[in-house]
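Reviewing the structure listed below.
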Amino acid sequence: MNNYCTKLKFPNLNVDLTSYRKQHRNHIRAPKDIMGSELDDILLSVGIKLFWVEAFYLDKNADHTIHCDGHELDDKAKLNYVVGGKDSLMTWYTDVEPSKIEKRTSWANTIYLGINTDDITPTFSTTMEEGFYIVHVGKFHNVWNKDEERYCLSACLIDAKTNHRLTFTELQIRLKDYIDD
Ligand SMILES: [Fe+2]
């Protein structure tokens, strides 16, 4: 167990993501129902709904730039579903002083924090295999891919009643019966 990434025992999806392949990298909004009704039912059984879903594509030996999701460093999280990307490496980094952080907007019209790679130090890395993960996205992070094309669906999760965005810590608790340890 670590404080950055938790593998879940959710059933793999039967979904064709190849339409998201685009040169070296792609990041775009995906349809909210792309993860299917079986997953919706599992999430709803623990009081969780999907709020939005993004799709990412990474070519062999390509990377996503270091960023923090949203415009603040905090405990926010996402549900990621990784396909392919054998031995791809996800890394998290130390917080840095605010004057070095830039507020930016992505191609998929999501907001994020950017940073110069010289100003940041890795704290934790893990290889990711195919499947579902709760990932911490409120700290600086990125993905390096190796020899296999990598697709990732990434969902923002909210409480089904109050609609508040669930944190990494809250998701660990809600999904404790599905944690693969
Ligand atoms: Fe991210």
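Where a number appears in this text, it was derived from the coordinates with a stated rule and is not lab data. Because the structure is predicted, anything quoted here is derived from the model rather than measured. A quick note on method: Cβ atoms are made from the backbone with ideal geometry, for glycine too, and the neighbour counts reach across all protein chains shown.
A few points about this structure:
- Within the stretch 128-148, the set of residues being surrounded by fewer than 18 Cβ atoms within 10 Å (Cβ to Cβ) and in contact with a Gly (Cβ under 9 Å, 6 or more places away or on another chain) comprises GLU129, GLU130, LYS146, GLU148.
- Exactly one residue out of ARG174, ARG165 is within 16 Å of the ligand (Cβ to nearest atom) and over 11 Å from the mean Cα position of the chain (by Cα), and it is ARG165.
- GLU38 in a helix (DSSP H, G or I) and either under 17 Å from the mean Cα position of the chain (by Cα) or not aliphatic (A, V, I, L, M) (or both): yes
- ALA155 under 14 Å from the mean Cα position of the chain (by Cα) and not aromatic (Phe, Trp, Tyr): yes
- Of the strands (runs of 3 or more DSSP E) lying entirely inside the stretch 62-107, those containing at least 2 residues that are under 21 Å from THR167 (Cβ atoms) and not acidic (Asp, Glu) span 67-69, 77-84, 88-93.
- Scanning the stretch 37-76 for residues that are within 16 Å of GLN172 (Cα to Cα), among the β-branched types (Val, Ile, Thr) and surrounded by fewer than 21 Cβ atoms within 10 Å (Cβ to Cβ) yields ILE42, VAL46.
- All conditions in (1) in contact with a Pro (Cβ under 9 Å, 6 or more places away or on another chain); (2) surrounded by 15 or more Cβ atoms within 10 Å (Cβ to Cβ); (3) of a type outside the set (A, V, I, L, M, F, W, C) hold for THR94, with the sole exception of (2).
- Residues of the stretch 1-13 classified as exposed (fewer than 13 other Cβ atoms within 10 Å of the Cβ) and either without any contact (Cβ under 8 Å) to a residue 12 or more places away in the chain or within 30 Å of ASP95 (Cβ to Cβ) (or both), total: 2
- Complete set of residues in the stretch 14-33 that are assigned to a loop (DSSP other than H, G, I, E, B) and either among the aromatic types (Phe, Trp, Tyr) or surrounded by 17 or more Cβ atoms within 10 Å (Cβ to Cβ) (or both): LEU17
- Where LEU79 falls short, out of the listed (1) surrounded by fewer than 17 Cβ atoms within 10 Å (Cβ to Cβ); (2) closer than 16 Å to LYS7 by Cα: (1)
- So SER154, is it of a type in the set (Gly, Ala, Ser), more than 22 Å from MET1 (Cβ to Cβ) and touching a residue at least 60 places away in the same chain (Cβ under 8 Å): no
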